[in-house]
Amino acid sequence: PLWRKMSFLHKVSARNILRYKKRLFMMIIGIGGCTALLLTGFGIRDSISDLADEQYEKITVYDYSVSFSSALEGEERKAFEEQCAKAISKILYLSESSGDCSVGEVTKSVYLIVPEETGEAFENFISLMDEEGKLSFPGPGEAVICEKLAEDTGLAVGDTFVLRNGESKEAALRVSGICRNYVYSYVYISPETFESAYGAEPEYRTAYILAPEGLDGDEGGALLLSDSHVLSVSVTANTRSRIQKILSNLNYIVLLVIVCAGLLALIVLYDLTNINITERTREIATLKVLGFYDGEVSAYIYRESVILTILGTGLGLLLGTALTRFVVATAEGDSIMFGRSIYWPSFLMAALITFLFSFLVNWVMHYRLKKINMVESMKSVD
């Protein structure tokens, strides 16, 4: 039914595409590879562009992380909060320590977070969320782990893993949720779970602080550091700025990948189209002898090129999606996780650039087709 509805020239184009199988596969694979590289460049940009904003606007929303020389109790806490009142709007005390997560033979370093208060008090400082929304804080014997840790260890919700704390004590915990987090790997458990698992109460030697609006970050950090019990202060705004600077440097690499992929696409399209015309010089000359105008000759050749460009671009978008995921996963370290999303404008840009180069090549080759000598070409042997 499809064949009967096609015009004669369209039938000829379909026949030529399927007849020259080497040219068919060369065009589809060549164009598909270039489109895949273009999409990879745009995909890497998408993966790293929003990392800092996602981490420090939606996940870790506190302004300061304060480490104390020892756990503050009663009057010491009250004195600290009164002395640093200008820098404190809300405060959450917690235990933050390093540990190891073991699943079979795989062991990964993590930070163990045990907040003194859970529920809404905890959510003011850290948002535990996944793709579907907010996660509940883990119950007794449970833990919420980060997505990067889950990928590295193969853990899923409901699985059990061994968590070794800084004192080399081990506890088996069940995964109740997997949260998004892009910088470092964290494991969140309740104080009751910590005490039950390790036989001791957690020491709350860290505090997360929300600052009043309008307070300068460095000024507030200096005020907090003036307390005698404070060992160090981490200003979230400064950490975010450092990460953004690192990621902005990666943008130059991404730009280089996109430019090189674009040039490669141009060269591949030019070479393949040139080979196509060179191998079919006698056929093109025959068309001219039969009375085809220059525009009709070009359309005869480029109709095949456009169809193969469409097929190659479609293949390239599929390959580019897989290649982007591979490159992003390979480039990540243990302490950072990139995004996994490729936004639709990136697919559109990769396809448009491929078609733009295809149009430029066809435009250049149109003038070459016009110069083909009918008499001399008829003497040549295909």
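The values are calculated or read from the model by the stated rules, or taken from the named source; none is laboratory data. For clarity, every value in this text was computed on a predicted model and none was experimentally measured. As a convention, Cβ positions derive from the backbone with ideal geometry for all residues, glycine included, and neighbour counts pool all protein chains shown. In case anyone asks, the SASA skips ligands and DNA or RNA and just uses the protein heavy atoms, side chains included. Shrake-Rupley method; radii C 1.70, N 1.55, O 1.52, S 1.80 Å.
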Filter result for S228 (surrounded by fewer than 13 Cβ atoms within 10 Å (Cβ to Cβ) and not in a strand (DSSP E or B))
yes
Can you spot a residue in the range 337-344 that is without any contact (Cβ under 8 Å) to a residue 60 or more places away in the chain, open to solvent by 90 Å² or more (accessible area, probe 1.4 Å) and over 17 Å from Y270 (Cβ atoms)?
yes
If you scan the range 333-382, which residues turn out to be hydrophobic (A, V, I, L, M, F, W, C), closer than 18 Å to E296 by Cβ and modelled with pLDDT under 85?
M365, L369, I372, M374
Residues in the range 231-248 that are open to solvent by 60 Å² or more (accessible area, probe 1.4 Å) and among the charged types (D, E, K, R): how many?
2
Scanning the range 125-156 residue by residue, the ones that are closer than 19 Å to A197 by Cβ, β-branched (V, I, T) and outside any helix (DSSP H, G or I) total 2
Could you give me the residue pairs with C-beta distances under 6 Å whose first residue belongs to the range 231-250 and is outside any helix (DSSP H, G or I), whose second residue is open to solvent by 60 Å² or more (accessible area, probe 1.4 Å) wherever it lies, and which are 6+ apart or on separate chains?
V233/L225
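To keep it simple, each residue is scored yes or no on (1) among the small types (G, A, S); (2) surrounded by fewer than 18 Cβ atoms within 10 Å (Cβ to Cβ); (3) modelled with pLDDT of 90 or more.
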{"position": "A156", "(1), (2), (3)": "yes, yes, yes"}
{"position": "N165", "(1), (2), (3)": "no, no, no"}
{"position": "G177", "(1), (2), (3)": "yes, no, yes"}
{"position": "F194", "(1), (2), (3)": "no, no, yes"}
{"position": "T206", "(1), (2), (3)": "no, no, yes"}
Go through the range 58-106 and count every residue that is among the aliphatic types (A, V, I, L, M) and open to solvent by less than 10 Å² (accessible area, probe 1.4 Å).
6
Pick from the range 34-57 the residues that are open to solvent by 10 Å² or more (accessible area, probe 1.4 Å) and among the hydrophobic types (A, V, I, L, M, F, W, C): which of them is farthest from the chain's Cα centre (by Cα)?
L37
Checking the conditions here, which among R45, R15, R4 is over 27 Å from T206 (Cβ atoms), assigned to a helix (DSSP H, G or I), among the basic types (K, R) and touching a residue at least 40 places away in the same chain (Cβ under 8 Å)?
R45
One residue is enough: does the range 110-119 have a residue meeting the conditions surrounded by 14 or more Cβ atoms within 10 Å (Cβ to Cβ), touching a residue at least 40 places away in the same chain (Cβ under 8 Å) and assigned to a loop (DSSP other than H, G, I, E, B)?
yes
Any residue in the range 76-86 that is in a loop (DSSP other than H, G, I, E, B) and modelled with pLDDT under 90?
no
